[in-house]
Amino acid sequence: MSVTTPTLPAALAAPRGELVTRRGARMVYYAATAAPGRPLLLIHSINAAPSSYEVKPLFERYRDERPVYSLDLPGFGLSDRAQRVYSADLFAEAIVDCLATLPGAPADVIALSLSAEFAARANLARPELVRSLALISPTGFGARPLPSARIGRGMHRLLRLPGLGSGLFRLLASRRSIRYFLDRSFTGSAPDDLVDYAWETARQPGAWHAPLAFLSMQLFTPDAIETLYRHLTELPVLAIADRDPYIDFDRLPAFAATRANWLYQRLAPHLGLPHWERPTETCTALEQFWATAD
């Protein structure tokens, strides 16, 4: 397995740590630990070019109030971009491996989009490491079924043909394309700095390996409600979702309404990234949620 180490500017102005997961992936995380308190772990979304930059508003908001950590998942950001099997289990285990190193656990966790499914898996594997889950625009609540596993595997084999997947990725990861896709996630225009960093991280060697698993639907959990979310019964869960151009939340309100430990808030209007577009409302919702969890 070839391992590529990114030469990328830091996404956050904070000290960085490294750890090697049980599957041998080298991961980088950012840590602001000057303030005392319960640790907060931030987990970016999954797309063509994600990184800890996606959670920068939350990291900056809480870094002076409590220990805050932001993880670059394997295949993204400053973590290694090896050509390996990228799966939901790999990402969930990476989150567990990070949580297990945090002083003061259990931690509060905030996860974006598809990483909400990975965070749910991590909690089910090691519930003692997680105090609460905040899921921003979580996947798995749409009414439309996912493609079959057989179709997904076929798509992945096709995308891994020499030159095909990497060529497609280069088209998706051009600056113009990244601008287009990020603009769709904002009611206005995406911030230039967010676009610039996404473009930089997508230019790193091996940057296409993990996104190809995402594009072929290999990272999604079939029927995530039954497989994952309905088992989250022992901890407080906050779900924030309004509209999103790439996924829908049709089943989320009814699901949350029937579970005493779940809280659903829209914080409208936003298109998937409320901590960028509605930071005050998002942080107020988080803080009220954490106070209730206490």
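Note on the range 199-294: enclosed helices (runs of 4 or more DSSP H) holding 3 or more residues that are more than 20 Å from the chain's Cα centre (by Cα), surrounded by fewer than 18 Cβ atoms within 10 Å (Cβ to Cβ) and modelled with pLDDT of 95 or more are 252-257, 279-293. With respect to the conditions (1) assigned to a loop (DSSP other than H, G, I, E, B); (2) more than 18 Å from E200 (Cα to Cα); (3) touching a strand residue (DSSP E or B) at 6+ places or on another chain (Cβ under 9 Å), R84 lacks only one, and its number is (3).
The requirement of being in contact (Cβ under 8 Å) with a residue 24 or more places away in the chain, farther than 17 Å from S115 by Cβ, in contact with a Pro (Cβ under 8 Å, 6 or more places away or on another chain) and surrounded by fewer than 17 Cβ atoms within 10 Å (Cβ to Cβ) is fulfilled somewhere in the range 173-192, by at least one residue.
Conditions tested, residue by residue: (1) touching a His at 6+ places or on another chain (Cβ under 9 Å); (2) in contact (Cβ under 8 Å) with a residue 40 or more places away in the chain; (3) assigned to a strand (DSSP E or B); (4) of a type in the set (D, E, K, R).
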{"residue": "P103", "(1), (2), (3), (4)": "no, yes, no, no"}
{"residue": "D108", "(1), (2), (3), (4)": "no, yes, yes, yes"}
{"residue": "A119", "(1), (2), (3), (4)": "no, yes, no, no"}
{"residue": "E128", "(1), (2), (3), (4)": "no, no, no, yes"}
{"residue": "R131", "(1), (2), (3), (4)": "no, yes, yes, yes"}
{"residue": "L135", "(1), (2), (3), (4)": "no, yes, yes, no"}
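In the range 99-115, of all residues being under 14 Å from the mean Cα position of the chain (by Cα) and not hydroxyl-bearing (S, T, Y), the one that is nearest to F141 (Cα to Cα) corresponds to L114. Only residues that are crowded, with 21+ Cβ neighbours inside 10 Å and without any contact (Cβ under 8 Å) to a residue 60 or more places away in the chain were counted across the range 80-95, and they come to 2. Checking each residue in the range 30-68 for being surrounded by fewer than 24 Cβ atoms within 10 Å (Cβ to Cβ), assigned to a strand (DSSP E or B) and touching a helix residue (DSSP H, G or I) at 6+ places or on another chain (Cβ under 8 Å) picks out only A32.
The values are calculated or read from the model by the stated rules, or taken from the named source; none is laboratory data. These numbers come from a predicted model, not from an experiment. Ideal geometry is used to build each Cβ from the backbone, glycine not excepted, and the neighbour counts take in all protein chains shown.
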